[in-house]
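For reference, the structure is listed below as C-alpha cells.
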Amino acid sequence: MTTKVIGLGYSKTGTTTLRECFREFGLPFIGFEVELTRQVVGGDPGPALAALTAYEAAANWPWPLIFREIDAAYPGSLFILTVRRDPQTWLRSLVSQAKKKPRGEYREWVYGYGNPVGHENELIARYEAHNEAVRRHFADRPEQLLEVCWETGSGWQDLCGFLGRPIPAAPFPCANPSASLAPEAGAAEPADETGRNRWSLFGWRRSA
C-alpha cells in the first residue's frame, strides 16, 4: 500500500491509544523510533521516510516532525492529529512523564528542553504552533485530516468514519487511562446503528 495513515499529534496527546486503534484495525504500524527521531531532528528525514515504506500506519516520534515530507512522499495518505483538551493538560502530562523518565534525551531533540520545568511557556507555544501548522497545511484538503481528542469524546465513530472502516466490536482503547484521559463529563456520546453505545472506563462500548 502506498498511502499511509499517520498520527501527527505530539507525544502525550493519546498516541498510544491511536497505536492500539491501528492494532485493532490490523494495520502494520511503526511507533516511536529513537534513532529515526535523532536523524530527523538532525535534518535527515530520508531514513524515516524509507522505514515507513514497510508499514501502513505510524504515530509518535518522529512522524509529526515530517508530516509535510510524508504528505509529499505518499500522496493521498490520511493524517490524524491527536490533541488534548487544552495545552495545559498536555503540558502537565509531559511534566509527569519527565518526572518518571528523567533521562529522555529525545525530549531535548524535539522540544529543545530535556526537562520541561521552567520552560512551560516555550513548550506550550511549540505545541500550539505545531497543531496550527498541521491545520493550515491541510486547510484545502480537509478530507485528509482528522483532529481528535480522546478525553472530550472522540472514538471509534470518528476514526471509522474517517478511514472508511466498520466500527469494531471491541471497546475503544485508552492505553494510558487516567483522570485526564477519561471522557469529559457531558461529552457527546458516540452512537452506533442501534443508538445504544455507552461510555466505559476507557472510552465507549456497545451496550448489549
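Applied to the range 78-93, the Karplus parametrisation 6.51 cos²θ - 1.76 cosθ + 1.60 on θ = phi - 60° returns per-residue 3J(HN,Hα) values of 10, 10, 10, 9, 8, 9, 9, 4, 7, x, 5, 5, 4, 4, 4, 5 Hz, with x for Gly and Pro. Close amide H partners of Lys4, meaning residues 5 or more places away or on another chain with modelled amide H under 5 Å apart, are Ser77, Leu78. Here the simple spin-label model places points 7 Å from the Cα toward Cβ, and for Val41 and Arg103 these points are separated by 1.6 nm.
Distance from the C-alpha centroid of the range 107-171 to that of the range 1-48: 12 Å, rounded to the whole angstrom. Put simply, when 97-108, 47-58, 68-79 are sorted by average Cβ atoms within 10 angstrom per residue, most first, you get 47-58, 68-79, 97-108.
Normalised by the number of residues in the range 5-169, the mean separation of alpha-carbon contacts (under 8 Å, six or more apart) gives a relative contact order of 27 percent.
For the range 20-85, the alpha carbon positions stretch 33, 29, 20 Å along the principal axes, listed from largest to smallest. Applying 0.36 nm per residue to the separation of Arg68 and Ala125 and subtracting their alpha-carbon distance, the gain on full extension is 18.5 nm. By the Cα gyration tensor, the range 5-169 has an equivalent ellipsoid whose semi-axes, rounded to whole angstrom, run 24, 19, 15 from largest to smallest. Peptides 112-125, 149-162, 83-96 ranked from most to least packed give 149-162, 83-96, 112-125, packing being the mean of other C-beta atoms within 10 angstrom over each peptide's residues. In a fully extended conformation the segment linking Ala54 and Ala139 would gain 27.8 nm over its present Cα-Cα distance, using 0.36 nm per residue.
Every number here is computed from the coordinates shown, using simple stated rules; none is lab data. Bear in mind the structure is a predicted one, so any value in this text is a computation, not a measurement. Using ideal geometry, Cβ is built from the backbone for each residue, glycine included, and neighbour counts are taken over all protein chains shown.
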